[in-house]
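Enquirer: So that we are looking at the same thing, I have put the structure below in structure tokens.
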Amino acid sequence: AEQHAINFANWLEPLGIGVGWLAGKQKGKAREEALAAIKAGSAKMVVGTHAIFQEQVVFQRLALVIIDEQHRFGVHQRLALREKGEREGVHPHQLIMTATPIPRTLAMTAYADLDTSVIDELPPGRTPITTVALPDSRRADVIERVKLACTEGKQAYWVCTLIEESEVLECQAAEDTAAELQNLLPGLHIGLV
């Protein structure tokens, strides 16, 4: 988890997105500062261990929970995180991952309302994927790169967190983005999935 925190901080903090780190081994001032940043919302992304489940951890606006190696977490711990993020009847999305196909995973799927996807091999001829994070101030550059790639016969995917605009969440909506891209890229076929 600590390595994840370091990597996410390297990627996101240059974009103005604060990354918090919380672990049971943190003590004193470091722990108090981490808890304060999480509560205040200055830590927009929080990476941590089981310490995140503790009662004194208060999230300002928890919208997405990603649990890696889910077999190390119980159903009740995941539900506790879900409840920590409840706001006006809306609960955070959860992405639960594991590379260990253990029997408990099957039981959790049957009794904890989880679906599973299995990726057991890489696609043939797979080419490496490069992921780049850019601030919204460079949105025009991204759109220009999409245009260039598509005119070269390639495809581009623009992923949004919402389908339609929300009054509760301040996120990019797919329907609005598709309309915007259609206006900005009139020569391209823009589809909405």
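All of the numbers you see were taken from the coordinates with simple rules; none came from a lab. Treat the numbers as computed from the prediction; the structure is a model and nothing was measured.
Enquirer: Can you give me the P(r) profile for the stretch 136-184? Cα pairs, bins 10 angstrom wide beginning at 0, each as a whole percent.
Expert: Reading the bins upward from 0: 24, 50, 22, 4.
Enquirer: Where the centre of each part is set by its Cα atoms, how far does the stretch 120-190 sit from the stretch 1-72, in angstrom?
Expert: After rounding, the separation between the Cα centres reads 28 Å.
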